[in-house]
1. Name the pairs: first residue in the range 96-114 and within 18 Å of Glu62 (Cβ to Cβ), second residue in a loop (DSSP other than H, G, I, E, B), Cβ to Cβ under 9 Å, at least 6 apart or on different chains?
2. Which condition number does Thr84 fail, the rest of (1) farther than 19 Å from Leu215 by Cβ; (2) in a helix (DSSP H, G or I) being met?
3. Mind checking whether some residue in the range 102-115 is surrounded by fewer than 16 Cβ atoms within 10 Å (Cβ to Cβ), small (Gly, Ala, Ser) and closer than 30 Å to Trp212 by Cα?
4. When you go through Leu138, Leu158, Leu184 one by one, which is the residue that is closer than 19 Å to Ile23 by Cβ and either crowded, with 21+ Cβ neighbours inside 10 Å or over 15 Å from the mean Cα position of the chain (by Cα) (or both)?
5. I'm checking my understanding of the structure. Among residues of the range 161-208 that are aromatic (Phe, Trp, Tyr) and within 14 Å of the ligand (Cβ to nearest atom), which one is nearest to Trp72 (Cα to Cα)?
6. Can you pull out the residues in the range 18-33 that are surrounded by 17 or more Cβ atoms within 10 Å (Cβ to Cβ) and either acidic (Asp, Glu) or part of a strand (DSSP E or B) (or both)?
7. Taking Thr107 as the residue in question, decide whether it is more than 16 Å from the ligand (Cβ to nearest atom), of a type outside the set (Gly, Ala, Ser) and in contact with a Pro (Cβ under 9 Å, 6 or more places away or on another chain).
8. Name the residues in the range 187-210 that are surrounded by 19 or more Cβ atoms within 10 Å (Cβ to Cβ) and not in a loop (DSSP other than H, G, I, E, B), would you?
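What follows draws every value from the coordinates through simple rules; no lab data is involved. Since the structure is predicted, the reported quantities are computational estimates derived from the model, not experimental observations. As a convention, Cβ positions derive from the backbone with ideal geometry for all residues, glycine included, and neighbour counts pool all protein chains shown.
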Amino acid sequence: MDSKFKLSEVKSREDFDEITRVIWDAFEHPLNPFLRIMFYLKSDGPEHRTIAKAACSQGLFEIHSGDASSRWVKINELGTGKMTACANWNLHETNPYELPEDPPIATWWPEGEGRNFATKFYTQCVSHKPTMYNKPHLYLNISATMPTFQRKGVGGMLVEWGLKWADEMGLESFTEATQVGKPLYEHYGFSVIDVITVDKTSMAIENPSEEWKELERRLLPNIQCVLVKHEDLEVAHN
Ligand SMILES: CC(C)(COP(=O)(O)OP(=O)(O)OC[C@H]1O[C@@H](n2cnc3c(N)ncnc32)[C@H](O)[C@@H]1OP(=O)(O)O)[C@@H](O)C(=O)NCCC(=O)NCCS
């Protein structure tokens with residue numbers, strides 16, 4: 001572990017503003033289209049970015065506070081105290097997909113064509129979960145390292161923290177990643193078990209509006225891998 005950095009668990013509401021800063025910086029350089037689906041941004045002007053980030057911070061805080069399975073961890077640089085990386089892990093001690101769920105709707109987008117686009121996109125990104133994650137497991141929902149702190153080992157510290165927890169619980173871990181995140185997970189023993197491609201074919205509708213076509217141009221294709229890290233049998237059963 002690099003002694004320049006400290007890992008700790010997120011406890012305060014204020015941390016979610018920092019988490020939002022880290023996530024947006026990491027997922028906008030380069031742009032990961034899923035960021036735009038998950039967090040509605042009306043336009044790229046500073047005013048709308050401030051509004052979108054405030055909504056992101058509050059939304060992440062509310063989801064975390066209402067979900068007993070959720071734990072956020074952060075890495076701060078010693079000296080400056082700056083948050084450089086963060087991750088959200090979820091422990092599911094039973095199958096979280098036991099009960100059928102209603103199809104998702106991207107209600108965080110304003111009603112209209114944009115919301116329909118976000119819903120169709122989001123649905124494809126999560127549709128594997130009920131059939132692939134239908135068992136007790138840990139789920140790495142997100143991890144992000146600020147671009148200026150990448151390749152210094154902090155993303156790895158966040159993955160190791162969760163994998164240690166998985167080993168203690170004797171559980172598999174699942175996550176999803178684009179080509180940017182995949183090498184980190186593969187480095188820690190995750191393997192790709194599926195690839196989900198959201199593209200013009202999968203998003204095709206009849207008579208798409210100009211707004212729909214513009215979103216297609218900006219956000220497609222989105223390719224993400226589904227990855228699993230099997231439980232460490234040696235640790236789990238000792
Ligand atoms: C993926 C991400 C979190 C990695 O964070 P990081 O702090 O740079 O990762 P680390 O420095 O701990 O990397 C540990 C190991 O993972 C592998 N790795 C990480 N990033 C890599 C990259 N871009 N290319 C190749 N290997 C990489 C390497 O083996 C690395 O060890 P090394 O540097 O000694 O070779 C960061 O690139 C990021 O935030 N990307 C944007 C958001 C994202 O895609 N998140 C993951 C999906 S939710």
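1. Ala106/Tyr40; Trp108/Phe39; Trp108/Tyr40; Trp109/Tyr40
2. Thr84 satisfies all of (1) farther than 19 Å from Leu215 by Cβ; (2) in a helix (DSSP H, G or I) except (2).
3. yes
4. Values: Leu138 fails: closer than 19 Å to Ile23 by Cβ; Leu184 fails: either crowded, with 21+ Cβ neighbours inside 10 Å or over 15 Å from the mean Cα position of the chain (by Cα) (or both).
On inspection, the qualifying residue turns out to be Leu158.
5. Of the range 161-208, the ones aromatic (Phe, Trp, Tyr) are 161, 165, 174, 185, 188, 190.
Filter again for within 14 Å of the ligand (Cβ to nearest atom), leaving 161, 174, 185, 188, 190.
Values: Trp161: 11, Phe174: 16, Tyr185: 18, Tyr188: 19, Phe190: 20 Å.
Taking the candidates together, the pick is Trp161.
6. At the first step, the residues of the range 18-33 found to be surrounded by 17 or more Cβ atoms within 10 Å (Cβ to Cβ) are 18-24, 26-27, 32-33.
Correct list: Glu18 only.
7. Details: more than 16 Å from the ligand (Cβ to nearest atom): yes; of a type outside the set (Gly, Ala, Ser): yes; in contact with a Pro (Cβ under 9 Å, 6 or more places away or on another chain): no.
It is false that Thr107 is more than 16 Å from the ligand (Cβ to nearest atom), of a type outside the set (Gly, Ala, Ser) and in contact with a Pro (Cβ under 9 Å, 6 or more places away or on another chain).
8. Quick first cut of the range 187-210, residues surrounded by 19 or more Cβ atoms within 10 Å (Cβ to Cβ) only: 190, 198, 203.
Across the range 187-210, the qualifying residue is only Val198.
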